[in-house]
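Asks: Here it is, the structure, as C-alpha cells.
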Amino acid sequence: MGGGGQQTDSGEPAKGDGVGPGGGRGGSAVYTWEEVQRHSHRGDQWLVIDRKVYNITQWAKRHPGGIRVISHFAGEDATEAFSAFHLDANFVRKFLKPLLIGELAPTEPSQDHGKNAALVQDFQALRDHVEREGLLRARLLFFSLYLGHILLLEALALGLLWVWGTSWSLTLLCSLMLATSQAQAGWLQHDYGHLSVCKKSSWNHKLHKFVIGHLKGASANWWNHRHFQHHAKPNVFRKDPDINSLHVFVLGDTQPVEYGIKKLKYMPYHHQHQYFFLSKFLNTFHGFLFYLRFFCCYYPFFGFFGSVALISFVRFLESHWFVWVTQMNHLPMEMDHERHQDWLTMQLSATCNIEQSTFNDWFSGHLNFQIEHHLFPTMPRHNYHLVAPLVRALCEKHGVPYQVKTLKKGMTDVVRSLKKSGDLWLDAYLHK
C-alpha cells in the first residue's frame with residue numbers, strides 16, 4: 001500500500017511514497033484515504049477524481065479557475081465538483097494525466113469521510129439523465145432576446161431624456177430603467193460566467209467579459225475568482241468568499257458564538273439586522289469603457305457631477321435588488337466550518353428556492369431555482385424548472401430537506417437570520 005509520507009519541494013512524492021504491491025510508482029501506486037488526506041496543505045496537495053489520485057501541488061497555481069477553488073478540495077474526493085464545473089470532462093482529463101500518481105486501494109470506498117454512497121450514486125445517475133436529455137444545452141434565442149431587452153432598456157432610458165428632457169420625474173424614470181438593465185445584465189453575465197450559454201468555453205468567456213465589463217463596469221477575473229469558490233463550498237467559513245463579511249456581520253449560528261466568546265466587537269452586531277439596510281451600496285468602480293460610455297451618453301444632459309450622481313443612484317437601486325435576490329437563497333441557511341459533505345447534501349444545506357412565477361423568474365434571473373443552479377452550475381437557466389421535480393424526488397428519497405419559500409418570506413428571512421445571529425453574538429459576548 002502507498003506510504004503517503006512526505007513530499008519534496010517540487011511537490012512530487014518522495015521516495016518510498018505510493019509504492020504499489022508490484023513495487024511500481026506513479027500511476028501504479030495505491031493509497032488509502034488516510035494517506036490522501038495528509039496532503040491537504042498549501043505546499044502539498046493531492047485530490048481524488050473517480051478513484052484516481054492526483055498531485056496538484058504545482059498545477060493548482062495554473063488552474064484556469066484559480067488556485068483557491070481547486071485547493072479547497074485538497075485531501076478530498078473532488079469527483080462531483082469536477083463533473084459539475086467542467087463542460088467537457090474528457091478534454092480536461094488530458095491535463096490531469098501528468099498529475100496522476102496512483103489510485104485508491106481496492107479496499108477503500110469511493111467516497112471519503114463516510115459519505116452516503118447510495119446518495120452519491122443516485123445523484124450521478126440523475127446527472128447522467130440530465131446530460132442524456134440535453135438539459136445542459138442552451139437555447140441561444142432565449143439568451144439573444146434576453147440581451148436584446150437589456151440593450152433596449154439602455155436605449156429607452158437615453159431616448160427618454162433626449163426626447164422629453166431632464167425633469168425630476170423623467171430622471172427618476174430613467175434611473176429606474178437603468179437600474180433594471182443593470183440588474184438584468186448582472187444575471188446575464190452570471191450565465192456566461194458559468195459557461196452555460198455557448199458550447200465553447202472561449203465564447204462564453206468573451207461574452208462574459210463583454211457583458212460584465214461593458215454593460216456592468218465590473219471585472220470578469222474578479223467575479224470568476226470569487227464566484228466559483230462560492231459554488232464549490234457554499235456557506236463554508238474560510239472557503240466561501242460570499243460569507244466573508246470583513247467583520248461587518250456575524251453570520252449563521254456558529255460564527256456569532258465564536259466572536260462573542262472571544263469578545264470580538266468590530267460592530268454592534270446585535271443591531272446588524274438594522275444596519276444591513278444601509279450596507280447595500282457595495283459596487284466598486286471597474287470597467288473603464290463602461291464609464292466612458294456612460295459619461296459620453298449622459299454628460300450632455302447632466303454635466304460631470306450630475307452624471308456621477310445619476311450613476312451613484314442607479315448603483316444604489318441596483319445593489320438593493322442584487323443583495324436581496326442573492327442573499328435570500330443563502331443567508332438564512334446553514335453556515336458552518338468544513339463538514340466534508342457530499343455534493344447534494346452540501347448544496348441543499350446552503351441553498352433554498354423561491355416559488356416559481358413569471359415575475360420571480362425574471363426578477364431573480366431564474367436564481368429562484370438556486371438549488372438546481374448549485375447542483376448543475378453549467379445548466380442554462382431556462383431548464384431549471386425541468387430538472388427541479390427530479391431533484392425534489394431524489395431529496396425525498398434520501399431525506400434531504402428541499403426548501404421552497406415565497407418571495408416575501410425569502411426576504412423577511414434575511415432580516416430574521418441577521419437578528420438571530422446578532423442575538424447569539426450578544427449572548428455569547430455578555431455571558432460566555
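The values are calculated or read from the model by the stated rules, or taken from the named source; none is laboratory data. Please read all numbers here as calculations on a predicted model, not as lab measurements. Because the Cβ atoms are built from the backbone with ideal geometry, glycine has one as well, and the counts that use them run over all protein chains shown. SASA here: full protein model, heavy atoms, side chains in, ligands and nucleic acids out. Shrake-Rupley method; radii C 1.70, N 1.55, O 1.52, S 1.80 Å.
Asks: Residues with beta-carbon under 11 Å from that of His271, excluding His271: net charge, scoring Lys, Arg +1 and Asp, Glu -1? Could the numbers behind the result be given before it?
Replies: Numbers: positive: Lys419; negative: Asp423.
Here the charged neighbours net out to 0.
Asks: Would you mind telling me the antiparallel percentage of the DSSP bridges in the range 30-114, rounded to 5?
Replies: 75 percent
Asks: Using alpha carbon centroids, what distance separates the range 225-284 and the range 325-341, in Å?
Replies: Distance between centres, Cα-based: 11 Å.
Asks: May I pose another question? Sequence-distant or interchain residues sharing an amide H contact under 5 Å with Gln341, placed H: which?
Replies: Excluding prolines and chain starts, which carry no amide H, there are no hits.
Asks: Once phi is turned into θ = phi - 60°, what whole-Hz ³J(HN,Hα) does the Karplus curve with 6.51, -1.76 and 1.60 give for every residue of the range 342-349, x standing for Gly and Pro?
Replies: Result, ordered by residue: 5, 4, 5, 4, 4, 5, 6, 6 Hz.
Asks: Rounded to the nearest 5, what is the percent of antiparallel bridges among the DSSP beta bridges in the chain? Walk me through the intermediate numbers first.
Replies: Details: 10 of 17 bridges.
About 60 percent, rounded to the nearest 5.
Asks: Which shape class, rounded, prolate or oblate, goes with the range 158-290 when its Cα gyration tensor gives a ≥ b ≥ c as root eigenvalues, a/c under 1.5 marks rounded, and past that a/b bigger than b/c marks prolate?
Replies: Details: a/c = 3.25, a/b = 1.37, b/c = 2.36.
Since a/c reaches 1.5 but b/c is at least a/b, the shape of the range 158-290 is classed as oblate.
Asks: In whole Hz, with x marking every Gly and Pro, tabulate ³J(HN,Hα) for the range 264-277 from phi via Karplus 6.51 cos²θ - 1.76 cosθ + 1.60, θ = phi - 60°.
Replies: Each residue's phi maps through the Karplus curve to give 8, 9, 6, 9, x, 4, 6, 10, 5, 5, 9, 6, 3, 5 Hz.
Asks: Within the range 336-373, which GluC sites (Glu not before Pro) sit in a loop by DSSP and count at most 15 neighbouring Cβ atoms inside 10 Å?
Replies: Numbers: sites: Glu338, Glu355, Glu372; in loops: Glu338, Glu355.
Those that pass, being in a loop and sparsely packed, are Glu338, Glu355.
Asks: Rounded, prolate or oblate: which fits the chain, taking a ≥ b ≥ c as square roots of the Cα gyration tensor eigenvalues, rounded meaning a/c under 1.5, else prolate when a/b beats b/c?
Replies: Numbers: a/c = 1.91, a/b = 1.58, b/c = 1.21.
Prolate, since a/c reaches 1.5 and a/b exceeds b/c.
Asks: A further question on this structure: Please list Trp324, Trp203, Trp187 in order of solvent-accessible area, largest first, computed with a 1.4 Å probe with all protein chains present.
Replies: Final ranking, largest accessible area leading: Trp203, Trp324, Trp187.
Asks: For Cα pairs less than 8 Å apart in space and 6+ apart in sequence, what is the mean separation divided by the residue count of the chain, i.e. the relative contact order in percent? Walk me through the numbers before you get to the answer.
Replies: On the way: 631 pairs, mean separation 70.6, N = 432.
Relative contact order, the chain: 16 percent.
Asks: Which value in deg cm²/dmol, rounded to the nearest 500, describes the helix-derived mean residue ellipticity at 222 nm for the chain, given -39,500 (n - 2.57) per DSSP H run of n ≥ 4 and division by the residue count? Please list the in-between numbers first.
Replies: Values: 17 runs with 227 residues, N = 432.
Roughly -17000 deg cm²/dmol at 222 nm, from the helical runs in the chain.
Asks: Which value, in Å² rounded to 10, gives the accessible area of Asp128 with a 1.4 Å probe and all protein chains present?
Replies: Roll a 1.4 Å probe over it and Asp128 shows about 60 Å².
Asks: Right, another one. Which ³J(HN,Hα) values in Hz, rounded to whole numbers, follow from the phi angles of the range 293-299 under the Karplus curve 6.51 cos²θ - 1.76 cosθ + 1.60, where θ = phi - 60° and Gly and Pro get x?
Replies: Going residue by residue, I get 4, 4, 5, 5, 6, 10, 4 Hz, with x marking Gly and Pro.
Asks: Would you work out the charge dipole size for the range 30-114 about its Cα centre, treating the Cβ of every Lys and Arg as +1 and the Cβ of every Asp and Glu as -1, and quote it to the nearest 20 debye? Don't skip to the end; give the middle numbers.
Replies: Numbers: 10 positive and 11 negative charges, 108 e Å.
Approximately 520 debye in magnitude.
Asks: Would you please give the residues with an amide H less than 5 Å from that of Gln45, counting only those at least 5 places away or on a separate chain, with H modeled from the backbone geometry?
Replies: For Gln45, whose amide H was placed from the backbone, the distant partners under 5 Å are Ile56, Thr57.
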